[in-house]
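The values are calculated or read from the model by the stated rules, or taken from the named source; none is laboratory data. From a predicted model like this one, the values you see are computed outputs, not experimental measurements. Here the Cβ positions follow ideal geometry from the backbone for every residue, glycine too, while neighbour counts run over all protein chains shown. Side chains included, ligands, DNA and RNA excluded: accessible areas come from the protein's heavy atoms. Shrake-Rupley method; radii C 1.70, N 1.55, O 1.52, S 1.80 Å.
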Amino acid sequence: MRVLAIETSCDDTAAAVVSDAGVEASVVASQDLVHGRFGGVVPELASRQHVVQILPVIAEALERAEARMEDIDAVVATYGPGLVGSLLVGLMTAKGIAMGRGIPFLGVNHLEGHLLSALLERDVPFPFVGLVVSGGHTSLYEVHGLGQYRQLGRTRDDAAGEAFDKAAKMLGLGYPGGRRIEQQAKEGDPRAIGFPRASMKSGGFDFSFSGLKTALRQYLLETGAGGASLSDICASVQEAIVDMLVDNTIKAASSLKVRTIVSCGGVSANGRLRQRLTQQASSIGAEVVFPSPGLCTDNAAMIGFAGRWRLLRGETHPLSLNACATLPLGGAA
Ligand code: KG4
Ligand code: ZN
């Protein structure tokens, strides 16, 4: 079954062709230039840019897969969670194609796409603890199999990627901030400034990053130009975010006695997170799987993979399926 997959949940316009042969083509058109000067994604601009980019991106994916629209057996698209205006562009395009061609249509949960993204590249044994860590999401799941997800924790305020982006904005580094902070941090001392690490009194696996944002703002106000170097500040901010992600993930894997961890989503491209999580996991006898960086950030290949196995087991959605900005995944623990 050859599936066309569409992903437009935030600010990347993406299409992919996925089949028995694997990922035949995956195209992502970034909107970084549109949102860069605002220091974050502007929802209205994102939807408008998706409208401009969606058809050329689909055409490019088909061309790279050497496929015509007539060769496509089904179409899937992300229907949540995400920015509703952005979601609607991809979803309506997918429905239009399905209706025009008379082929099956299925909506895919963006978080399921991220969680299963590692499976596109290798076999991953179940159960695993999945850390989804991106600009819009920071959640932990226990994954028992395809379609079997239990949410263990989530952020109570900002997502980790958002924390990177907001810190970068305060430091004048531009958007998206994660990669730029990582770059600056390479020359810095991660112990230069002891930014706070939030841990939940309830003992659960929730995250909180807003205290870090406030602490950085306060630090910059108090020290002015006389504070630590930009590299030291970036290394210290990165270390605080990484510490919170690693601690909670290891705590979850350890208490559930799960020996495999999957770390996915845009922030999983971060080298320091990869290094620290791998080290800590080995100390509890666990292995960490990271998708390659291109599969960590938003893409349609992961949506095609998640959608295709559901189609193969007979699932479809009616064309009345609506976008859902807050679509959940799995029951809470
Ligand atoms: O998964 P993604 O492409 O989109 C969302 O679903 O949000 O993730 C984007 C987020 C941004 O916040 C970006 O700053 C962050 O991932 N990011 C990184 C790195 N690369 C991207 N954060 C830290 N280090 C990186 N190398
Ligand atoms: Zn995402």
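Worth a mention:
- Taking segment 300-320 as the range and being open to solvent by 30 Å² or more (accessible area, probe 1.4 Å) and of a type outside the set (Phe, Trp, Tyr) as the test, the residues that pass are Arg308, Arg310, Leu312, Arg313, Gly314, Glu315, Thr316, His317, Pro318, Leu319, Ser320.
- Of all residues in segment 127-171 being farther than 29 Å from Trp309 by Cα, among the basic types (Lys, Arg) and more than 10 Å from ligand 1 (Cβ to nearest atom), the one that is surrounded by the fewest Cβ atoms within 10 Å (Cβ to Cβ): Arg156
- Filter result for Ser236 (within 16 Å of ligand 2 (Cβ to nearest atom) and part of a helix (DSSP H, G or I)): no
- Residue that is in contact with a helix residue (DSSP H, G or I) (Cβ under 8 Å, 6 or more places away or on another chain), at pLDDT 95 or above, within 14 Å of ligand 1 (Cβ to nearest atom) and aliphatic (A, V, I, L, M), where the choices are Val124, Val108, Val51: Val108
- Flag for Ala301 being at pLDDT 95 or above and over 23 Å from Phe207 (Cβ atoms): yes
- In segment 106-121, the residues that are under 20 Å from Gly314 (Cα atoms) form no Cβ pair under 9 Å with any partner that is within 14 Å of ligand 1 (Cβ to nearest atom) and among the aromatic types (Phe, Trp, Tyr), whether six or more places apart or across chains.
- Residue in segment 191-221 that is farthest from Ser254 (Cα to Cα), counting only those that are among the hydrophobic types (A, V, I, L, M, F, W, C) and open to solvent by 30 Å² or more (accessible area, probe 1.4 Å): Leu221
- Test: residue in segment 76-84 that is of a type in the set (S, T, N, Q), assigned to a helix (DSSP H, G or I), over 13 Å from Arg2 (Cβ atoms) and in contact with a helix residue (DSSP H, G or I) (Cβ under 6 Å, 6 or more places away or on another chain): no
- Enumeration of residues in segment 285-325 that are over 15 Å from the mean Cα position of the chain (by Cα), among the acidic types (Asp, Glu) and closer than 19 Å to Gly130 by Cα: Glu287
- Looking only at residues of segment 245-282 that are within 16 Å of ligand 2 (Cβ to nearest atom) and among the hydrophobic types (A, V, I, L, M, F, W, C), we find that the one that is most open to solvent (accessible area, probe 1.4 Å) is Ala269.
- All conditions in (1) within 14 Å of ligand 1 (Cβ to nearest atom); (2) open to solvent by less than 30 Å² (accessible area, probe 1.4 Å); (3) among the aliphatic types (A, V, I, L, M) hold for Leu83, with the sole exception of (2).
- Restricted to segment 283-299, and to residues there that are in a loop (DSSP other than H, G, I, E, B) and within 16 Å of ligand 2 (Cβ to nearest atom), the residue that is surrounded by the fewest Cβ atoms within 10 Å (Cβ to Cβ) is Ser292.
- All positions within segment 29-58 that are surrounded by fewer than 18 Cβ atoms within 10 Å (Cβ to Cβ), part of a loop (DSSP other than H, G, I, E, B) and touching a residue at least 24 places away in the same chain (Cβ under 8 Å): Gly40
- Qualifying residue in segment 181-193 (condition: more than 17 Å from Asn270 (Cβ to Cβ) and within 16 Å of ligand 2 (Cβ to nearest atom)): no
- Subset of segment 1-28 that is in a loop (DSSP other than H, G, I, E, B) and in contact with a Ser or Thr (Cβ under 9 Å, 6 or more places away or on another chain) - its residue that is nearest to ligand 1 (Cβ to nearest atom): Cys10
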